[in-house]
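Here the structure is laid out as structure tokens; the discussion comes afterwards.
The values are calculated or read from the model by the stated rules, or taken from the named source; none is laboratory data. Because the structure is predicted, anything quoted here is derived from the model rather than measured. Note: ideal-geometry Cβ built from the backbone for every residue, glycine included; neighbour counts use all protein chains shown.
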Amino acid sequence: MTITDKTAAAAAEDTTAEAAAGRPAAAASQPITDALIERGRIAHELDRKHVFHSWQAQGPFKPMTVLKAEGSRVWDGEGREMLDLSSQLVNTNIGHQHPKVVQAIQAQAAEICTIAPQHVNDARSEAARLIAELAPEGMEHVFFTNGGADANEHAIRMARLHTGRKKVLSAYRSYHGGTNLAVNVTGDPRRFPNDNPGDGVVHFMPAYTYRSHFGSTSEAEESERALQHLKDMVLLEGAQNIAAVILETVPGTAGIYAPPAGYLEGVRELTREHGIMLITDEVMAGFGRTGEWFAFDHWNLTPDLITFAKGVNSGYVPLGGVIISDHVYQSFVDRQFPGGLTYSGHPLACAAAVATINAMRDEGMVENAKRLGEEVIGPRLQELMEKHPSVGDVRGLGCFWAIELVVNRETKEPLAPYGGSSEAMGRVLKEINAGGVLPFANFNRIHVVPPLNIADADVLAGIDVIDRALSIADEYVQ
């Protein structure tokens, strides 16, 4: 059975299940016609002529055309069905074209398409209420942005103004966005060409058990040693100078490595002790991705500021934001906050967020993500690790998993260098793509990050394709 056959069968099962549960099935699928393929061909031609792509050398880049997207699938420029295990950029948490969200956007467009942010609109008000309802107690206010990078920029600005301090501590092996400050806060190689030491950013080593920077041999050692390192950084940089520590609760693009037990609790204690704001970046990990509404819920953490984007409305319309604790909010009750943007709380984006959150609740998507991680994805990836000597580690939560590929399990030498790719990774990814699966990959890792409502049969069929492709990686094992 091919991947297309398997996913078609799963789609039929999903439609039956949705009808039985009283949920709306997806709208009638647009057929792939010669005319649609021709439209795609013209779009590709115009793209290469006029579009400047992010994070790419423009000349050799060969982007894939997408003709259609639906549920857990997309169709490429030739009309070929692809199972989307990437959730695009890990944002389509509810899959493509969810009918409730599409309908909500259409209904909002018929009333108010856009309005300036100084005015009240009901979509923004309801979105803020729902988001605050999901946040920890004492975090009642939401500032809306267009995405995750500007959410992090504004959260840092709030922390600096609230504390009267300048420095921001951020971990290596992290990603916080592509705007000026956000890319400097970032701790991966995308920062290198954009470094600006004057931005007051100081990087520290993260707690990362598989690739410990501290020689740790257990989670307990890693937590203790990474915390001591951060304490030393605070001492050496001067606690009185540090406005915030910003952390991806579970780093995403940098490797999906969950913090060891006790680490986040220790960071929270340290920041409270010194009056430093703790900003948790939930842009990728939030809104159900890890099997909880927010990833920090796994550790019962209450940050000072939370940044979000992506999954809040599955990226159907660009939206991000900052959830603000009451004590930070008080700094701006009688003092102007010097920040903002034209599209803060855009009605179409907020209507999509309201519909997304309600659909996730009604359809039990967060609970399903947890189940998928524990009962489907996690066990199947463990089988890959046992089978393939090229798999050095598998790790994750919910629908947020990484397969780390190595050429030597003893030395942990990666299959592709930090900050780059390799012939081996290129061949593996080409084989996965040829098998009808759209993967998310970074350096020497393949990330398994499907929509939270993907059918079990779909995700297993996709991992089967990865399984076969890993035989190529095994050829490079020393």
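Would the stretch 389-400 turn up any residue that is aromatic (Phe, Trp, Tyr), buried (at least 22 other Cβ atoms within 10 Å of the Cβ) and touching a Leu at 6+ places or on another chain (Cβ under 8 Å)?
Start the filter on the stretch 389-400 by keeping residues that are aromatic (Phe, Trp, Tyr), which leaves 400.
Going one step further and asking which of them are buried (at least 22 other Cβ atoms within 10 Å of the Cβ), we end up with 400.
Narrowing the set further to residues that are touching a Leu at 6+ places or on another chain (Cβ under 8 Å) leaves none.
No, the stretch 389-400 contains no residue that is aromatic (Phe, Trp, Tyr), buried (at least 22 other Cβ atoms within 10 Å of the Cβ) and touching a Leu at 6+ places or on another chain (Cβ under 8 Å).
State all residues of the stretch 430-465 that are within 20 Å of the chain's Cα centre (by Cα), assigned to a helix (DSSP H, G or I) and either over 24 Å from residue 372 (Cα atoms) or not small (Gly, Ala, Ser) (or both); if no residue qualifies, say none.
Answer for the stretch 430-465, where residues must be within 20 Å of the chain's Cα centre (by Cα), assigned to a helix (DSSP H, G or I) and either over 24 Å from residue 372 (Cα atoms) or not small (Gly, Ala, Ser) (or both): 459, 463.
Considering (1) buried (at least 16 other Cβ atoms within 10 Å of the Cβ); (2) in contact with a strand residue (DSSP E or B) (Cβ under 6 Å, 6 or more places away or on another chain), say which one residue 181 fails and leave the rest.
Single failed check for residue 181: (2).
Do we find that residue 291 is at pLDDT 95 or above, closer than 23 Å to residue 362 by Cα, assigned by TED's automatic domain parsing to the domain that holds residue 269 and touching a Gly at 6+ places or on another chain (Cβ under 9 Å) in this structure?
Numbers: at pLDDT 95 or above: yes; closer than 23 Å to residue 362 by Cα: yes; assigned by TED's automatic domain parsing to the domain that holds residue 269: yes; touching a Gly at 6+ places or on another chain (Cβ under 9 Å): yes.
Answer is yes for this residue.
Can you find, within the stretch 193-218, the residue that is surrounded by the fewest Cβ atoms within 10 Å (Cβ to Cβ) among those that are of a type in the set (D, E, K, R) and touching a helix residue (DSSP H, G or I) at 6+ places or on another chain (Cβ under 9 Å)?
195
Residues are listed down the side, and each one gets a yes or a no for (1) crowded, with 20+ Cβ neighbours inside 10 Å; (2) part of a helix (DSSP H, G or I):
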site: 59; (1), (2): no, no
site: 63; (1), (2): no, no
site: 78; (1), (2): no, no
site: 83; (1), (2): yes, no
site: 106; (1), (2): no, yes
site: 109; (1), (2): no, yes
site: 114; (1), (2): no, no
site: 117; (1), (2): no, no
site: 129; (1), (2): no, yes
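Could you figure out which of (1) in the same structural domain as residue 428 (by TED's automatic domain parsing); (2) touching a strand residue (DSSP E or B) at 6+ places or on another chain (Cβ under 7 Å); (3) part of a helix (DSSP H, G or I) isn't true of residue 401?
Residue 401 satisfies all of (1) in the same structural domain as residue 428 (by TED's automatic domain parsing); (2) touching a strand residue (DSSP E or B) at 6+ places or on another chain (Cβ under 7 Å); (3) part of a helix (DSSP H, G or I) except (3).
Here is a check on your reading of the model: is residue 305 in contact (Cβ under 8 Å) with a residue 40 or more places away in the chain and surrounded by fewer than 23 Cβ atoms within 10 Å (Cβ to Cβ)?
On the way: in contact (Cβ under 8 Å) with a residue 40 or more places away in the chain: yes; surrounded by fewer than 23 Cβ atoms within 10 Å (Cβ to Cβ): no.
Answer is no for this residue.
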